[in-house]
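Here the structure is laid out as structure tokens; the discussion comes afterwards.
No lab work stands behind these numbers, since they all come straight from the coordinates. As the structure is a prediction and not an experimental result, all values here were calculated from the model. Counting neighbours? That spans all protein chains shown, and the Cβs are built from the backbone with ideal geometry, glycine included.
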Amino acid sequence: MKAKAFLTALLMLAATSALAAARPNIVVEGVQMPAWVEHTSGARDPLAIGMVLTNKDRVYTGPGSRALLRLADGSLVKLGEDGILALDDLGQKKINLKEVVTASLDVVSGAFRFTTQALYKFRGERDVKVRFVTMTAGVRGTDLWGKADKTRDVVCLIEGKITVARDKESFTMDQPLSFYIAPRNEPPLPVAPVSKQQLEQWAAETEIAAGTGALRKGGKWRVYLAEAANQNDARGIYDQLRNAGYAAEIRPVKSEAGIAYRVRIPNLPSKQEAEALAGKLKGRMGVTEPKVSL
């Protein structure tokens, strides 16, 4: 019996390891820059497409920015401008042969949206907690929007069901298109229906709008921002861009004159988006004549 139990444990461990290797716990799929990730070491990197985030990372968005992340179960996590999102308890495990995706998403500031994706055939379970400053929402397959600012926390249930906990009280929200407001240091307001106009206004705060020069998974267009004959000159512009929250990279290019170093930003989904980003950065941080290309 002991041998059988040991074998079962090994099989479950192998299955869990394979699951983790197959899909990252959370990955970046869209960025309207500037945006950064801050690691526990205090180091900051610009948020980039395909970047895998880990426990204790913090995502920051600047003015007019957005971030689009995807959990292992296919759920989308969106963060609006001037936002801070702290990540913890990211994981994938097997419980009684069921796949369970876990995450604790702390909305320190800014607008936030969590949306499950029907296109992803996920047959397991989610154990996702969304924590605002004064309350926590337990999520199990739903669509919710929320926001944390200096005066209050707001959570709006679009579809599904959530359990809301504030101080020592907790209750279930299961009526779609309803919202709950918890002011700082004051009693919360009653749950109320949300109007279509208000919902559209809130939803726009977390969506990446067209024509903003945003990066997307699968984007094939690039913006070339500078070219230098030596790596140090290219590095100076590269560092300025990355410190400012733009996911620049350096690529050496061979020519008859020798090797040149190009600073570029890839992963733009269209020529329109590439041109929008080029126009946004022209005349800034050493960028003079940006060019777009496939």
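When shorter helices are ignored and each DSSP H run of at least 4 residues is given -39500 (n - 2.57), the per-residue value for the chain at 222 nm works out to -6000 deg cm²/dmol. Annotation: amide H of ASP82 within the under-5 Å range of THR61, GLY62, GLY64, SER65, sequence separation 5 or more or interchain, hydrogens built in the peptide plane.
Taking every alpha-carbon pair under 8 Å whose residues sit at least 6 apart, the chain reaches a relative contact order of 14 percent.
Residues whose amide H comes within less than 5 Å of that of ASP57, counting only those at least five positions distant or on another chain, are LEU87 (H built at 1.01 Å from N in the peptide plane).
Specify whether the C-alpha gyration tensor of the stretch 223-294 places it in the rounded, prolate or oblate class, a ≥ b ≥ c being the square roots of the eigenvalues: rounded for a/c under 1.5, otherwise prolate if a/b is larger than b/c and oblate if not. Oblate, because a/c is 1.5 or more while a/b does not exceed b/c. Counted by Cβ distance under 9 Å from MET135, the other residues give a net charge of 0, where Lys and Arg count +1 and Asp and Glu count -1.
Basic side chains Lys and Arg get +1 at the Cβ, acidic Asp and Glu get -1 at the Cβ, and with that the dipole of the chain about its Cα centre reaches some 780 debye.
The aspartates and glutamates within cross-link reach of LYS217, meaning a Cα-to-Cα straight distance under 12 Å and a gap of 8 or more places when in the same chain, are GLU29.
Once you reduce the stretch 36-111 and the stretch 261-287 to the center of their Cα atoms, the two points are 25 Å from each other.
Backbone phi angles across the stretch 236-251, fed through the Karplus curve with coefficients 6.51, -1.76 and 1.60 (θ = phi - 60°), yield HN-Hα couplings of x, 5, 4, 5, 4, 5, 5, 4, 7, x, 10, 7, 7, 9, 10, 10 Hz in residue order; Gly and Pro are listed as x. In this structure, the amide hydrogen of ALA248, modeled 1.01 Å from its nitrogen in the peptide plane, lies closer than 5 angstrom to those of ARG242, counting only residues at least 5 positions away or on a different chain. In the set [x] 191; [y] 179; [z] 124, the label that goes with volume of the Cα convex hull per residue in Å³ computed for this structure is [y]. Straight-line reach from LYS220: taking Cα to Cα under 25 Å and skipping same-chain neighbours fewer than 8 places apart, the lysines in range are LYS78, LYS254, LYS271, LYS280, LYS282, LYS291. Applying the Karplus relation 6.51 cos²θ - 1.76 cosθ + 1.60 with θ = phi - 60° to the stretch 260-276 yields 3J(HN,Hα) values of 10, 10, 9, 9, 9, 10, x, 6, 7, x, 7, 4, 4, 5, 5, 5, 5 Hz, where x marks Gly and Pro. Each Lys and Arg Cβ is given +1 and each Asp and Glu Cβ -1; about its Cα centre, the stretch 21-175 then shows a dipole of about 300 debye. Can you find, among SER178, ILE158, LEU199, the residue sitting farthest towards the positive end of the charge dipole of the chain, where Lys and Arg contribute +1 and Asp and Glu -1 at Cβ? The listed residue farthest towards the positive side: ILE158.
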